[in-house]
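Structure record follows, encoded as structure tokens.
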Amino acid sequence: MLSVKDLVVHYGAIEALRGVSLEVPEGQVVALIGANGAGKTTTLRAVSRMLRPTSGSVRFRGEELTRLMPHDIVARGLAHAPEGRGIFLNLTVKENLDLGAFLRRDGDGIAADRERMFSLFPILRERMSQVAGTLSGGEQQMLSVARALMSRPKLLLLDEPSLGLAPQVVERIFQVLRDVSAQGVALLLVEQNAHKALQIAHRAYVLETGEVVMTGTGAELLASPEVRKAYLGE
Ligand code: ATP
């Protein structure tokens, strides 16, 4: 469904991606792991067109995305829950959710999906009329994921959904990601928590200094001595 080929990205003179290729098949969970600065966030940004790659191709359901604008990409079924969450801190929870559906005109469908988000994340229902800036970090992270899901994506890009959260909140987020994936949404997941990411990933890629250095199923990478040593703290 998503096919990234030979993606090169520069920040000025810095070459952040040096020819990254990866695939996300329909409905699958793909994890991207690697040390700080390896290029994980940059990969997601280039896919969702938050930045322009120097070269390479990003095809989504047969269409080249590198020529489109970010909102065109949302309309094609690709949503991005970015690093730093990307929610509007001065707007309420409900307003943030409705903004996630900004391209949709089906009022009844939007209301039904808002309900679906409240059943996935019951705390968001309690906080519905609160401005997002008053939520805890974990609640903001849930809102970021829920907001991205409000566009009804076929593929959701997630940047560090568990960063800085308490263990129960991390569990909750990963449970929701499993549920969302079981409903057929594909996920491209960037995670510092490599152990959790590899547990839910059908496939994973290891990035090092802007290059893919290893790929395999989640189970294969969990069992790999190199991965265990470098990313699972063993
Ligand atoms: P992290 O987990 O720390 O976010 P990452 O794997 O997501 O790491 P990127 O954020 O994609 O890595 O960064 C890749 C490289 O590009 C790093 O060397 C980083 O310093 C550099 N970089 C990232 N953003 C910028 C920017 N806006 N300007 C200049 N250099 C940048």
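What follows is calculated from the coordinates using simple rules that are stated; it is not laboratory data. Just so it is clear, the structure is predicted and the values come from calculations on it, not from any experiment. Every residue, glycine as well, gets a Cβ built from its backbone with ideal geometry; the counts of neighbours run over all protein chains shown.
Here are the numbers for this structure:
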| quantity | calculated |
| --- | --- |
| Beta bridges by DSSP in the chain, antiparallel share as percent, to the nearest 5 | 55 percent |
| Span from the segment 13-87 Cα centroid across to the segment 191-234 one, whole angstrom | 19 Å |
| Value of relative contact order over the chain, rounded to a whole percent, pairs C-alpha under 8 Å and six or more apart | 28 percent |
| Which of Leu165, Leu32 has the fewest Cβ neighbours within 10 Å, and the rest in rising order | Leu165, Leu32 |
| Highest-fluctuation residue, Asp179, Asp108, Asp159 considered, GNM on the chain with Cα pairs under 10 Å | Asp108 |
| Estimated inter-spin distance, Ser21 and Glu63, nm [label 7 Å along Cα→Cβ] | 2.5 nm |
| Segment 1-138: relative contact order in percent, alpha carbon pairs under 8 Å with at least 6 residues between | 20 percent |
| Length-normalised contact order of segment 137-234 in % [C-alpha pairs under 8 Å, at least 6 apart] | 21 percent |
| Pairwise label distance in nanometres, Gln183 with Ile14, each label 7 Å out on the Cα-Cβ vector | 3.7 nm |
| Distance (nanometres) between label positions extended 7 Å along Cα→Cβ at Glu126 and His195 | 2.8 nm |
| Which of His80, His195 has the fewest Cβ neighbours within 10 Å, and the rest in rising order | His195, His80 |
| Under 12 Å from the Cα of Lys154 - aspartates and glutamates, other chains or at least 8 residues apart | Glu26 |
